[in-house]
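Visitor: Would you mind keeping the following structure in view while I ask a few things?
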Amino acid sequence: MADLFDSSSVKKPFEDLAVVYVMYFDEAQGHMPLLIYPDDQYRNNKKFMRPIKYHPIWFLTLDESDALDHIDLEFKGLTFFGKKFLTHSKRQKRRAGLEEETPETIVVILSLPDKIELFGDELIRLLTQAVQDKYKNKLFEIIDSEILKGEVIKSPKIKDRIEEGESIKKELRTEIETTTNKFFSDVIKNSDTTSIRMQKAIAYLAFKGIDVSHIYGKDYNGTFSNIQLFDPSLKGEVNFVDKKPFMILKINIIEDSQELEILVQNNSLHAIKGTVVKINHLKEYFEKEVMIETIDVWDAQEELVFISPIIPYIDDYIFFIIDEVTNEKLLSKRIDLKLLKKS
C-alpha cells in the first residue's frame, strides 16, 4: 500500500494488507491527519492524501453516517472504509463560537486492496472500537500537540504539551498495529472458504507472499511461499467468515424512466433464504423508504436486478439487504446520483 502512486517503492509483504488513517477536523485547516499506519511519511503528500480528504464520510452528518456501519470509497484498486464519531475535548478552539468543550470530529479510515475488501467491515469496526474505547478522552491532546508543533516560539509548557501528545500518539499507533495484526492473524488461521470472495481473498494473500496453505486442509501438499507471518498451529479467537455474501455488480440510472437500476449477486456458494431488499432516500436528517422487496430464496451465484424510482431533487439513497429473521444488515451501500452521473 505504500506504493499507492509509486510502483517502484520497496515494501514489506504486510504493508500491502492495510493502511489506517486517524484524521480530525481542524477548525482552521480542515481535514488533517493525526497518524497514518504503518507509514506516516505521506501525510504531506497531496496526491497520496487526495482520496482521504475527499472521502464522502466527511460530507455526511453523524446522523447520516450512523445509518450505515461505515461509508466506502473505491479508488484505483483500493477500497477506503470510513467511520466518523465525536469525542471529548478540552482544548482552546481557533474559530469563533466554539468552546473548549466543543467535541472533536474524528474519522478513522481503513484502506484495503479491492481483492481483500471483504475484511473491511469487521476490521474498521474493530479499529474504530479500539480508538473510541481507549482514547476517547485523550485524542484532543494529540490534536493539541499537532497544532502546537506549528508555533514559531515554543515555551517549556508548550514543549511539554507536544511531548505528552506524541507519547499518546505512540500508544495509539501501537494499539492500531496490535488490532490489525491480531485481526489478520485470526483471519489467516481460521477462514471459512465457502464463499467465492473469500477464496479470491486467500489467493491474493498467497500471491503477496503469505503462507495460507494450511487453510486448504491437512491433505494440501503445496505452498505458495516460505514467508509465514503467523503461526497457523495457534488457534485464533475468531473464526472469520464472509459476512457480506452479496455484491453489487452494477448501478445504472435509467434516464428515460427516471429509475435506479441495481444489479446484485449472491456471491456465496449456497442459497440464502429470507432476505429483504430496501432502498431508502436521504434528505437532510430523514430517511424514507422508496422500495422494499422480499426474496424467499436467493440461489448461489444468482444475479438479481432491483429497480427503484428516482425521487425528484433527491440525490442520496441507501441500498440495504437485510436478514428477514435476525434483521441483520447483510449489505448496505450509500448511492450518490451526482457521482454516478459524473462517472
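The values are calculated or read from the model by the stated rules, or taken from the named source; none is laboratory data. The model shown is predicted, which means the values in this text are computed figures rather than measured ones. Glycine gets a Cβ as well: all are built from the backbone with ideal geometry, and neighbour counts include every protein chain shown.
Visitor: Which numbered condition trips up SER155, out of (1) in the same structural domain as TRP58 (by TED's automatic domain parsing); (2) modelled with pLDDT under 85?
Guide: (2)
Visitor: Would you point out the residue of region 304-322, among those that are farther than 13 Å from VAL277 by Cα and loosely packed, with under 13 Cβ neighbours inside 10 Å, that is farthest from the chain's Cα centre (by Cα)?
Guide: PRO312
Visitor: For GLU101, which of the numbered conditions (1) surrounded by fewer than 20 Cβ atoms within 10 Å (Cβ to Cβ); (2) over 13 Å from the mean Cα position of the chain (by Cα); (3) modelled with pLDDT of 90 or more fails to hold?
Guide: Looking at each condition in turn, GLU101 falls short on (3).
Visitor: Has region 70-84 got at least one residue that is at pLDDT 75 or above, more than 18 Å from the chain's Cα centre (by Cα) and surrounded by 12 or more Cβ atoms within 10 Å (Cβ to Cβ)?
Guide: no
Visitor: Turning to a different aspect of this structure: Say we look at region 124-138 and pick out the residues that are in a helix (DSSP H, G or I) and either surrounded by fewer than 19 Cβ atoms within 10 Å (Cβ to Cβ) or modelled with pLDDT under 90 (or both); which of these is farthest from the chain's Cα centre (by Cα)?
Guide: LYS134
Residues are listed down the side, and each one gets a yes or a no for (1) surrounded by fewer than 13 Cβ atoms within 10 Å (Cβ to Cβ); (2) modelled with pLDDT of 85 or more:
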site: MET198; (1), (2): no, no
site: ALA206; (1), (2): no, no
site: SER213; (1), (2): no, no
site: ASN221; (1), (2): yes, no
site: GLN258; (1), (2): yes, yes
site: LYS288; (1), (2): yes, no
site: ILE292; (1), (2): no, yes
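Visitor: Where the second residue is in a helix (DSSP H, G or I) and modelled with pLDDT of 75 or more and the first is surrounded by 12 or more Cβ atoms within 10 Å (Cβ to Cβ) and lies in region 42-66, which pairs have Cβ atoms under 8 Å and are six or more apart or on separate chains?
Guide: Correct list of pairs: TYR42/PHE48; TYR42/MET49; ARG43/MET49; SER65/ILE57.
Visitor: Now, a different point. Of everything in region 307-323, what is in a loop (DSSP other than H, G, I, E, B) and aromatic (Phe, Trp, Tyr)? Give them in sequence order.
Guide: Within region 307-323, TYR313 is the sole residue that qualifies.
Visitor: Here's something else I'd like to know. Is region 324-338 home to any residue that is free of Cβ contacts under 8 Å to residues at least 60 places away in the same chain, surrounded by 12 or more Cβ atoms within 10 Å (Cβ to Cβ) and not in a helix (DSSP H, G or I)?
Guide: So far as region 324-338 goes, yes, one or more of its residues are free of Cβ contacts under 8 Å to residues at least 60 places away in the same chain, surrounded by 12 or more Cβ atoms within 10 Å (Cβ to Cβ) and not in a helix (DSSP H, G or I).
Visitor: Something else now. Out of region 303-317, which residues are modelled with pLDDT of 85 or more and either among the small types (Gly, Ala, Ser) or closer than 24 Å to GLY120 by Cβ (or both)?
Guide: Hits for region 303-317 are GLU303, LEU304, PHE306, SER308, TYR317.
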